[in-house]
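J.: Following this message is one structure expressed as structure tokens.
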Amino acid sequence: MKAAIHTKYGPPEVVQVREVAKPVPAPDEVLIKVHATTVNRTDCGFRSAEYFVSRFFSGLLKPKYQTLGCDFAGVIEEIGIEVKNFKVGDKVFGFDDEKFGGHAQYKTLAARKAIATMPAHSTFEEAACIFEGGHYALGNIRAAKVKSGQNVLVNGATGAIGSAAVQLLKHFGARVTAVCAKPHMDLVATLGADKVIDYTSEDFTKIDKRFDFVFDAVGKSSFAKCKMLLKEKGFYISTELGKRGANVFLALAAPVMGGKKVLFPLPTYNQEDVNYFKQLVEQGSFKPVIDKAYMLDHIVDAYKYVETGMKIGNVVIRIE
């Protein structure tokens, strides 16, 4: 089968499309013929190993799993003898940042993991984009214990995580102020934002409004800059570690701090979460934003585009 592999850490060019052995499902696994996947910040981070700590999960000196791709959507081609909750022919989607494998024509996954049948009427490309940004956004929203009627600011509202966060926050009844560049203000408004700020013409950290939760979905600000935006018991969360890992240390100190706090929740997910997003999509409460699509043979170009930091929502890889 064809797969995009990397045998060493580095820039996008370390990824090469090659012929590799087709995987065989274990008794508790399904074999998925992948139709679509994505290139996202998770893939980029593990490929580059820019944060050295990632190597403790992916391999200290070289990649343990050579085929990246945590998002996937496709069709089950084979099931292990122990699998009871899926059948051959099921259209499925899901997420796997443990063994990855989405950047290939086939991947295997245990049937108890983060996989579900696709939402009704979703295309493979749409389904492949549902979970990566969505589950990061949901985990942070849950950590901040957002309630209906609260005021929330989302910085970086056009990324996969930010665009998901705006939609999820509105679903939970929050009042959302979103920050993005001027060309994308209308898009963010259609996602449900109550107010949209153009960061190229206005410094969002200087506005008068105060928030229960400030979510930096692109990690380009800091707690110091956003602290004045928070209400007395407000929370700040960033998707990045911060300068010299500041967000981690501030989060560790949060239990003994009064008032405004930094949280740094570790992402978790399970099959229940995948089914939850399926329901949201079918209800019309969530729709992933898609920017561009590339064929697998052009995956290096996709990586380069994602790393410009200018993508809007998700970048799709078409396997077939």
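J.: Residue under question is Ile79, and the condition is that it be open to solvent by 30 Å² or more (accessible area, probe 1.4 Å), of a type outside the set (Phe, Trp, Tyr) and either closer than 22 Å to Gln271 by Cα or within 18 Å of the chain's Cα centre (by Cα) (or both); does it hold?
T.: Considered against the rule, which asks whether it is open to solvent by 30 Å² or more (accessible area, probe 1.4 Å), of a type outside the set (Phe, Trp, Tyr) and either closer than 22 Å to Gln271 by Cα or within 18 Å of the chain's Cα centre (by Cα) (or both), Ile79 comes out as yes.
J.: Oh, and also: I'd like to verify a number: residues in segment 163-203 that are under 20 Å from the mean Cα position of the chain (by Cα) and among the aliphatic types (A, V, I, L, M), how many?
T.: 12
J.: In addition: What strands (runs of 3 or more DSSP E), lying completely within segment 172-258, carry at least 2 residues that are open to solvent by less than 20 Å² (accessible area, probe 1.4 Å) and within 11 Å of Leu153 (Cα to Cα)? Steps first, answer last, please.
T.: Values: elements: 175-180, 195-198, 211-216, 230-238.
Passing ranges, in order: 175-180, 211-216, 230-238.
J.: Look through Ile237, Ile312, Ile319 and report the one residue that is out of contact with any Ser or Thr (no Cβ under 9 Å at 6 or more places or on another chain), modelled with pLDDT of 95 or more and aliphatic (A, V, I, L, M). I'd like the intermediate steps shown before the answer.
T.: On the way: Ile312 fails: out of contact with any Ser or Thr (no Cβ under 9 Å at 6 or more places or on another chain); Ile319 fails: out of contact with any Ser or Thr (no Cβ under 9 Å at 6 or more places or on another chain).
Within the list Ile237, Ile312, Ile319, the selection yields Ile237.
J.: Answer with yes or no whether Glu126 is open to solvent by less than 10 Å² (accessible area, probe 1.4 Å), among the charged types (D, E, K, R) and not in a strand (DSSP E or B). Write out each step before concluding.
T.: Working: open to solvent by less than 10 Å² (accessible area, probe 1.4 Å): no; among the charged types (D, E, K, R): yes; not in a strand (DSSP E or B): yes.
Judged against the criteria, Glu126 is not a match.
J.: As an exercise: evaluate Thr42 against (1) β-branched (Val, Ile, Thr); (2) part of a helix (DSSP H, G or I); (3) at pLDDT 95 or above and give the number of the one condition it does not meet.
T.: Status for Thr42: all satisfied but (3).
J.: Quick check on segment 273-318: of everything there that is in contact with a strand residue (DSSP E or B) (Cβ under 7 Å, 6 or more places away or on another chain), of a type in the set (Ser, Thr, Tyr) and in a helix (DSSP H, G or I), which residue is surrounded by the most Cβ atoms within 10 Å (Cβ to Cβ)?
T.: Taking segment 273-318 and keeping what is in contact with a strand residue (DSSP E or B) (Cβ under 7 Å, 6 or more places away or on another chain), we get 274-275, 278, 288-297, 299-303, 305-306, 311-318.
Those still in the list that are of a type in the set (Ser, Thr, Tyr) too: 294, 303, 305.
Keeping just the survivors that are in a helix (DSSP H, G or I) gives 303, 305.
Numbers: Tyr303: 25, Tyr305: 17.
Ranking the candidates gives Tyr303 first.
J.: In addition: How many of the residues making up segment 150-171 are in a loop (DSSP other than H, G, I, E, B) and over 19 Å from Asp208 (Cβ atoms)? Step through it out loud before you land on a result.
T.: Filtering segment 150-171 down to residues in a loop (DSSP other than H, G, I, E, B) leaves 150, 156-158.
This time we only want the ones that are over 19 Å from Asp208 (Cβ atoms), so: 156-158.
Residues that pass the stated criteria total 3.
J.: Now, a different point. Here are the criteria: (1) open to solvent by less than 50 Å² (accessible area, probe 1.4 Å); (2) not in a helix (DSSP H, G or I). Tell me which single one Lys145 does not satisfy.
T.: Against the list (1) open to solvent by less than 50 Å² (accessible area, probe 1.4 Å); (2) not in a helix (DSSP H, G or I), Lys145 comes up short only on (1).
J.: In the set Ile312, Ile317, Ile237, which member is in contact (Cβ under 8 Å) with a residue 24 or more places away in the chain and farther than 21 Å from Leu138 by Cα?
T.: Numbers: Ile312 fails: farther than 21 Å from Leu138 by Cα; Ile237 fails: farther than 21 Å from Leu138 by Cα.
Step by step, each of Ile312, Ile317, Ile237 is checked, and only Ile317 is in contact (Cβ under 8 Å) with a residue 24 or more places away in the chain and farther than 21 Å from Leu138 by Cα.
J.: Could you say whether any residue in segment 19-29 is in contact with a strand residue (DSSP E or B) (Cβ under 6 Å, 6 or more places away or on another chain) and under 25 Å from Pro288 (Cβ atoms)?
T.: No, segment 19-29 has no match at all.
J.: Further question: If I go through segment 36-83 residue by residue, how many of them are in contact with a Lys or Arg (Cβ under 7 Å, 6 or more places away or on another chain) and in contact (Cβ under 8 Å) with a residue 60 or more places away in the chain?
T.: Adding up the residues that qualify gives 3.
The values are calculated or read from the model by the stated rules, or taken from the named source; none is laboratory data. All values reported here derive from a predicted model rather than from experimental measurement. Virtual Cβ from ideal backbone geometry, glycine too; neighbours counted across all protein chains shown. Just so you know, the surface numbers come from the protein's heavy atoms only, side chains and all, with ligands and any DNA or RNA stripped out. Shrake-Rupley method; radii C 1.70, N 1.55, O 1.52, S 1.80 Å.
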